[in-house]
Amino acid sequence: MWQALRNELHPKGFELVAVGLDTLGDAGCRAFIEAAKPEHPSLIDRHHVLADLFGVINIPSSVWIDEHGMIVRPAETAPVPPHDPAARARPGTPADMPQRFVEIMAEAAKVKRDTLEYHAALRDWVEHGAASRFALSPDAVVERSRPRDSAKALGHAHFRLATQLEVDGHHAAAIRHFREAHRLVPDSWTFRRQAWSLEQFGDGPFARLIQGPTSDHPEAWPYEGDWLKDVRESGAENYYERWKP
C-alpha cells in the first residue's frame with residue numbers, strides 16, 4: 001500500500017523513505033523488504049537511531065521533510081494508506097493459533113487510527129507544499145517535538161547499548177539495559193516491542209508474534225510488561241497518539 005501511494009505521488013515530487021527499526025536486521029525485517037521489492041529507499045535501523053534523532057515512539061510513524069531538508073511535521077502516527085476493504089478480505093483464524101494471539105488480535109482491533117484525516121493532509125502537502133495548512137512553521141515543529149531530558153537521554157543510551165549487546169550475541173546482558181531503557185523512556189512502544197520480540201518461546205509461525213509470557217514459560221519472561229498486558233492497562237484506544245492538523 002505504501003509502494004502504491006509512493007508511485008502515485010512520486011511524479012509530484014514526493015519520495016518515501018522507509019526505515020525498519022529492527023535489531024535483528026537481516027534476520028528480521030529484511031525478508032519483508034525484499035519480498036515487497038520497494039522502488040523507494042528502504043533502510044534497516046538496528047539501533048533505532050531514527051527514534052533517537054526524531055523522537056519516534058511507535059510505528060508506523062512519519063516525519064515530513066520538505067525539498068529544502070526542513071522538517072515541516074515532526075514524528076507522528078502515520079496510518080497505512082486507506083484501502084478497499086473488499087480487496088483485502090481477512091482470512092479466517094488458523095485453527096492452531098494460540099489463545100494469547102487471539103486475544104492480542106482482539107485488542108489490536110480496538111486501536112484507533114486517523115487514516116483518512118492523515119492521508120488527506122499528506123496529499124494536500126504534496127499538492128501545495130509550503131502553502132499547505134498542514135505544513136507547520138519551524139516554531140510549531142519545535143513546540144510539537146518531544147523534549148529530551150537527562151533521564152530520556154540516558155534511556156536512549158541504555159537502548160543503544162542493549163541493541164549492540166544483542167547484535168554481539170550477549171542476550172542476557174542486553175536484557176538489563178533494555179529494562180532500563182523501558183523505565184527511563186516509558187512512552188516508547190518501539191523500545192518495549194523491540195525487546196519483547198527478542199524473547200522467543202517455542203516454534204512455529206506465531207513464536208515471535210506472541211511477545212509475552214506463555215503458559216509453558218511464565219517464569220522465564222524477563223520484563224515487567226508485555227504487549228497484551230500493557231495495551232490492556234493503557235487502553236487500546238491510547239496505543240497511538242491521535243493525529244492533529
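Restricting R100, R123 to residues that are at pLDDT 95 or above, in a helix (DSSP H, G or I) and either surrounded by 14 or more Cβ atoms within 10 Å (Cβ to Cβ) or not basic (K, R) (or both) narrows the list to R123. The combined condition, being touching a Lys or Arg at 6+ places or on another chain (Cβ under 7 Å) and farther than 30 Å from P81 by Cβ, is fulfilled by V167.
So which residues in region 102-121 are under 23 Å from H10 (Cβ atoms) and either without any contact (Cβ under 8 Å) to a residue 24 or more places away in the chain or charged (D, E, K, R) (or both), if there are any at all? Result: E117, A120. Of the residues making up region 127-146, those that are surrounded by fewer than 17 Cβ atoms within 10 Å (Cβ to Cβ) and either basic (K, R) or touching a Gly at 6+ places or on another chain (Cβ under 9 Å) (or both) are G129, R133, R144, S145, R146. Restricting attention to region 173-187, does a residue exist that is surrounded by 16 or more Cβ atoms within 10 Å (Cβ to Cβ), in contact with a Gly (Cβ under 8 Å, 6 or more places away or on another chain) and in a loop (DSSP other than H, G, I, E, B)? There is at least one residue in region 173-187 that is surrounded by 16 or more Cβ atoms within 10 Å (Cβ to Cβ), in contact with a Gly (Cβ under 8 Å, 6 or more places away or on another chain) and in a loop (DSSP other than H, G, I, E, B). Across region 198-229, the qualifying residues are those that are at pLDDT 90 or above and part of a helix (DSSP H, G or I), and the one among them that is nearest to V56 (Cα to Cα) is W227. Only one of the listed residues (H177, H182) is within 22 Å of F54 (Cβ to Cβ) and either acidic (D, E) or touching a residue at least 24 places away in the same chain (Cβ under 8 Å) (or both). That residue is H182.
Note on region 230-245: residues that are within 18 Å of the chain's Cα centre (by Cα) and either in a helix (DSSP H, G or I) or over 14 Å from W189 (Cα atoms) (or both) total 8. Return yes or no: is A130 over 22 Å from the mean Cα position of the chain (by Cα), part of a helix (DSSP H, G or I) and modelled with pLDDT of 95 or more? It is true that A130 is over 22 Å from the mean Cα position of the chain (by Cα), part of a helix (DSSP H, G or I) and modelled with pLDDT of 95 or more. Cβ-Cβ distances below 7 Å connect the following pairs, each with a first residue in region 1-24 that is among the hydroxyl-bearing types (S, T, Y), a second residue that is assigned to a helix (DSSP H, G or I) and surrounded by fewer than 17 Cβ atoms within 10 Å (Cβ to Cβ), and a separation of six or more residues or different chains: T23/V167.
Restricting region 43-61 to residues that are free of Cβ contacts under 8 Å to residues at least 40 places away in the same chain and touching an Asp or Glu at 6+ places or on another chain (Cβ under 9 Å), the residue that is farthest from V167 (Cα to Cα) is S61. The set of residues in region 62-77 that are among the aliphatic types (A, V, I, L, M) and either touching a residue at least 60 places away in the same chain (Cβ under 8 Å) or under 26 Å from E237 (Cβ atoms) (or both) comprises V63, M70, I71, V72, A75.
The values are calculated or read from the model by the stated rules, or taken from the named source; none is laboratory data. As the structure is a prediction and not an experimental result, all values here were calculated from the model. Because the Cβ atoms are built from the backbone with ideal geometry, glycine has one as well, and the counts that use them run over all protein chains shown.
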